[in-house]
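Please read the structure below before turning to the comments.
The values are calculated or read from the model by the stated rules, or taken from the named source; none is laboratory data. Treat the numbers as computed from the prediction; the structure is a model and nothing was measured. With ideal geometry, Cβ positions are generated from the backbone for all residues, glycine too; neighbour counts draw on all protein chains shown.
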Amino acid sequence: MSQWKRFKDPSGSYYYFNAVTKVSSRNKPKEYEAWEQQKQALTSPVFCLPLCNSWHLVICFNGSKFYYNGDTGVSQMKLADEESETLLGKMDRSLLSLLVGVARGFTPRDGRDVYQEVYNMLVELARENKGVAEAQELETQDSEAQELETQKLETQELETQKPEAPEKPQNVLISGYLSSSDDEDEDEDEAEDEGERSDNAPDAESPEKEHANEMVFMDLLNDKDIDPYSTWPLQAKKLLDDPRYHLIPDEKREELFQEWCTQRFEQQKNTPQEEHHPDGDGNDDDESTDLNPTKYHYLAHIISKATITPTTIFSDIKKENKRLFKKLQINDQLSKKEQEQFTSKILAYYKRMDLAEREKVFKTIIKRKLNFPPKSDHLSSLVLKETPTDSFELETQLLEIENELLILDEQKNSSIQNEVMYYVLGIKDKLHALKQVLKDNYSI
């Protein structure tokens, strides 16, 4: 039995969970694949016995049984044909049990052909119950099954190496046999086939026209009041009525939105932030100061924008936001282990708590872990300043407040950067909650 189990998330995609290590993966583990192949081999048919009305009793390598209808191509675990049930009810049960043992590898000492004995008994019982005509029909069904399934067996042996079975002259397999593993993988295979067809489909428009439409769509994002710190499903609602929105295929819009967000972030990162002292107490000779975000600032921001479901894991976040990971240089800032551990922990909050609950968690960690510096005029002015609608001004204001609270770089309160609970809110919500805490603490 494999430690890995396969599940399907609400979107219909498969993921794998290790019951021992508690690790989840979107990619099929090698251990699971090996176990799956072994399981498929064990549940492959060895004997096929004709019953009535095109039904067959199929016995597999591991001794399991199922019933197959040659006319409809249906395989099922429970027999739903009264005539076939009556026929099996008159069979010698000990002889059937012996045949199951042979399928599992048992070899009778006397070299008897158990399959032929069972087959002959079924034909004889059919002759007694239905007469010669029924018996001949059974023999015809079995003859056709032998011819078709011998070809099936030869094909399967070329594709997959299966356990060695005893030689039996009358060993047959049924045409169109559907194993349980085939059923499990059917949806996944169809999805992959559709993906390949989609990837290989010719473009509906020329590259030049496509590029022009993308530029028009980017202009649309710039023209509208779009928040790069929000998620695409929320922001898309603002664009639905604009004709430019429909120039781009559905699957491409979110990708362009993420690219636009990335460009905005890059612009922000490359613009030095300057400390302002509107009260006039600051030193006019001070040079502009770069404000370096907290350790997990950008990764937390990406997660806050992601589509999170109960089954979302790190690989989903990274796959959905490839461009942001690259543009924001996440791999340069954090090791893969740090990314995975942080994402796993922060996702737990997003999955189990709503915004109000996460805001409460954030305020709690601030009150417990932050050593509030003395109140300053600059800090007070930042707290009282209206929260910007422009995304870059919003992030700048947050960084300035964090700097005043000695959180950034290696300052007095920098240890709070390592607290996961400090990142349970997106940038906009964090700024709002932080201001509330500071107003209460400093009585501003």
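To keep it simple, each residue is scored yes or no on (1) touching a helix residue (DSSP H, G or I) at 6+ places or on another chain (Cβ under 7 Å); (2) at pLDDT 85 or above; (3) surrounded by 15 or more Cβ atoms within 10 Å (Cβ to Cβ).
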{"residue": "Pro10", "(1), (2), (3)": "no, no, no"}
{"residue": "Tyr15", "(1), (2), (3)": "no, no, yes"}
{"residue": "Pro29", "(1), (2), (3)": "no, no, yes"}
{"residue": "Pro45", "(1), (2), (3)": "no, no, yes"}
{"residue": "Ser84", "(1), (2), (3)": "no, yes, yes"}
{"residue": "Arg93", "(1), (2), (3)": "no, no, no"}
Determine if the stretch 143-152 includes at least one residue that is loosely packed, with under 14 Cβ neighbours inside 10 Å and either over 44 Å from the mean Cα position of the chain (by Cα) or modelled with pLDDT of 60 or more (or both).
yes
Please determine, by comparing only the residues of the stretch 418-441 that are among the charged types (D, E, K, R) and in a helix (DSSP H, G or I), which one is surrounded by the fewest Cβ atoms within 10 Å (Cβ to Cβ).
Asp440
Ala236 fails exactly one of (1) modelled with pLDDT of 80 or more; (2) over 32 Å from the mean Cα position of the chain (by Cα), namely (2)
With the requirement that a residue be in contact (Cβ under 8 Å) with a residue 40 or more places away in the chain, farther than 19 Å from Ala300 by Cβ and in a helix (DSSP H, G or I), what does the stretch 352-406 give you?
Lys367, Asp377, His378, Leu379, Ser380, Ser381, Val383, Leu384
It is to be established whether one or more residues within the stretch 296-314 are out of contact with any Lys or Arg (no Cβ under 6 Å at 6 or more places or on another chain), buried (at least 17 other Cβ atoms within 10 Å of the Cβ) and farther than 29 Å from Lys252 by Cβ.
yes
Filtered residue count, the stretch 234-246, keeping only those that are buried (at least 17 other Cβ atoms within 10 Å of the Cβ) and assigned to a loop (DSSP other than H, G, I, E, B):
1
Counted residues in the stretch 215-233 being surrounded by fewer than 18 Cβ atoms within 10 Å (Cβ to Cβ) and more than 28 Å from the chain's Cα centre (by Cα) come to 8
So Leu95, is it touching a residue at least 24 places away in the same chain (Cβ under 8 Å), under 18 Å from Tyr119 (Cβ atoms) and not in a helix (DSSP H, G or I)
no
